[in-house]
Amino acid sequence: MTALDHLRRYHDELTAIRQDLHAHPELGMEEHRTAELVARKLEEWGVDEVHRGVGGTGVVGVLRAGSGNRAVGLRADMDALPMSELTGLPYASTVPGKMHACGHDGHTTMLLGAARYLAETRAFDGTVHLIFQPGEEGCGGALAMLEDGLLERFPCDVLYGMHNATGLDVGKYAIGAGPFMAGGAFFDITVEGKGSHGARPEASIDPVLTACHIAAGLQSIVSRNIAPRDTAVVSVTKVTGGDAYNVIPQSAVLSGTARFFKKEVGEQIEAAMRRMAEGVAAGFGASAKLDFRLIFAPLVNDAEASTDLADAAADLVGGELVQRDRAPLMGSEDFSFMLEKVPGAYIHVGNGEGASAHNPHYNFNDEAIPFGAALYARIVERALRSEG
């Protein structure tokens, strides 16, 4: 019996877990109920060690078999997003303003399924670390676990993670070696001017007008400061300033995100953004201060680990259903910080058609659960083969 066949035997139970998690979403670093559910299931299914509170609300399970000295880490994220759900599903979010709109409920369930399978079969020789990470959605969860000694307490020779992919058929996988997901930074530019009555602009230094010109100038950074061979994005996504129709405010704020595949490109963007903001503001007689925060490192898939993960997927569904040259995506993923420490790979698992992630109509496809869980299990069996 293959791992996929084995996992299908408790597909209904895993689906119930996933839908329960969906109905009770928790934001990053607040996943107390989710973490306790995960820990209880790991204990119930015979995982050798269960460690709570790693990096805040993170959970790590440890499984051992045989006498091998290699260790594999499997990682899933647990947090939801601060948005309202519009699916109308029977198991829709019961928490106003919070929703599993990225499928982390599914990722958690898939790793739980793999844990159950591996605890039952023990068809590997070595150690498996089951890493349930909090706070992936820009909350610093990966760094929190690393700072709490994740890889010192649970050392791994290789790390694997996955994400559902809307538009990719259930039962298919997609991966690419090298840069696979962009690094990401959030920024705020605070413009300080001089407030005045809206009817007396000559008495003001208008921070709103200044901010508008800065926002326009920022669009030149990628086209005129970054080499054409380096992909990058700068997006202003929020503009705030003023409280009344007839008042020119004292200050205004531009906020947004930058994406890039090389850290040095991120540094170029930051320097150009600071120069642009300060220079344009000075031209209007105002001042500008940039707060640029790296939230995600570029995610780089190790070539050997990518091949191994793709081969494991091919074992399950056949090579024709595994895309090995998926183009890099401009979205970001903080598993990247773990892959800076330990080689590994990150793969996309088909979620079928439907609303995209971060959409209020999104829903994880429960038919994908066995395919994700079985891949976690199969890569362990391949990576920790007995040498005897």
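The values are calculated or read from the model by the stated rules, or taken from the named source; none is laboratory data. For clarity, every value in this text was computed on a predicted model and none was experimentally measured. We place every Cβ from the backbone using ideal geometry, glycine too, and count neighbours over all the protein chains shown. Each accessible area value is taken on the protein alone, full model and side chains, heavy atoms only, with ligands, DNA and RNA left out. Shrake-Rupley method; radii C 1.70, N 1.55, O 1.52, S 1.80 Å.
Which pairs turn up if I take residues in region 73-93 that are under 30 Å from Pro343 (Cβ atoms) and look for partners that are outside any loop (DSSP other than H, G, I, E, B) and of a type in the set (Ser, Thr, Tyr) with beta carbon separation below 6 Å, at least 6 apart in sequence or on another chain?
Final answer for the pair search is Leu74/Tyr160; Leu74/Tyr376; Ala76/Thr108; Met78/Thr34; Met78/Thr108.
Of the residues that sit in region 191-223 and are open to solvent by less than 50 Å² (accessible area, probe 1.4 Å) and hydroxyl-bearing (Ser, Thr, Tyr), which one is nearest to Ile295 (Cα to Cα)?
Filtering first and then ranking leaves Ser220.
What's the number of the condition Phe186 fails, among (1) within 17 Å of the chain's Cα centre (by Cα); (2) among the aromatic types (Phe, Trp, Tyr); (3) open to solvent by less than 10 Å² (accessible area, probe 1.4 Å)?
Unmet for Phe186, out of (1) within 17 Å of the chain's Cα centre (by Cα); (2) among the aromatic types (Phe, Trp, Tyr); (3) open to solvent by less than 10 Å² (accessible area, probe 1.4 Å): (3).
Give the residue, chosen from Val50, Val54, Val59, Val38, that is open to solvent by 20 Å² or more (accessible area, probe 1.4 Å), closer than 24 Å to Arg153 by Cβ and of a type in the set (A, V, I, L, M).
Being open to solvent by 20 Å² or more (accessible area, probe 1.4 Å), closer than 24 Å to Arg153 by Cβ and of a type in the set (A, V, I, L, M) holds for just one of Val50, Val54, Val59, Val38, which is Val50.
Which residue, of Val280, Val265, Val233, Val300, is within 30 Å of His348 (Cβ to Cβ), in contact with a Ser or Thr (Cβ under 9 Å, 6 or more places away or on another chain) and in a helix (DSSP H, G or I)?
It is Val265.
Failed condition for Gly68, given (1) surrounded by 15 or more Cβ atoms within 10 Å (Cβ to Cβ); (2) more than 13 Å from Arg18 (Cα to Cα); (3) within 19 Å of the chain's Cα centre (by Cα), with all others met?
(3)
Give the residues of region 199-238 that are more than 23 Å from Glu267 (Cα to Cα) and of a type in the set (Val, Ile, Thr), sorted by residue number.
Ile205, Val208, Thr210 - these are the residues of region 199-238 that are more than 23 Å from Glu267 (Cα to Cα) and of a type in the set (Val, Ile, Thr).
Working only within region 367-388, note down all residues that are over 15 Å from Thr108 (Cα atoms) and in a helix (DSSP H, G or I).
Matches in region 367-388: Arg378, Ile379, Val380, Glu381, Arg382, Ala383.
With the checklist (1) closer than 24 Å to Ala345 by Cα; (2) touching a Cys at 6+ places or on another chain (Cβ under 6 Å) in hand, flag the one item Asn69 doesn't pass.
It fails just one condition, (2).
Any idea which of (1) of a type in the set (Asp, Glu); (2) under 19 Å from the mean Cα position of the chain (by Cα); (3) open to solvent by 20 Å² or more (accessible area, probe 1.4 Å) is the one Asp334 doesn't satisfy?
Among (1) of a type in the set (Asp, Glu); (2) under 19 Å from the mean Cα position of the chain (by Cα); (3) open to solvent by 20 Å² or more (accessible area, probe 1.4 Å), the lone unmet condition for Asp334 is (3).
List pairs: first in region 124-148 and among the hydroxyl-bearing types (Ser, Thr, Tyr), second open to solvent by less than 30 Å² (accessible area, probe 1.4 Å) and part of a strand (DSSP E or B), Cβ under 9 Å, 6+ apart or cross-chain?
Thr127/Val62; Thr127/Leu63; Thr127/Ala65; Thr127/Ala71; Thr127/Val72
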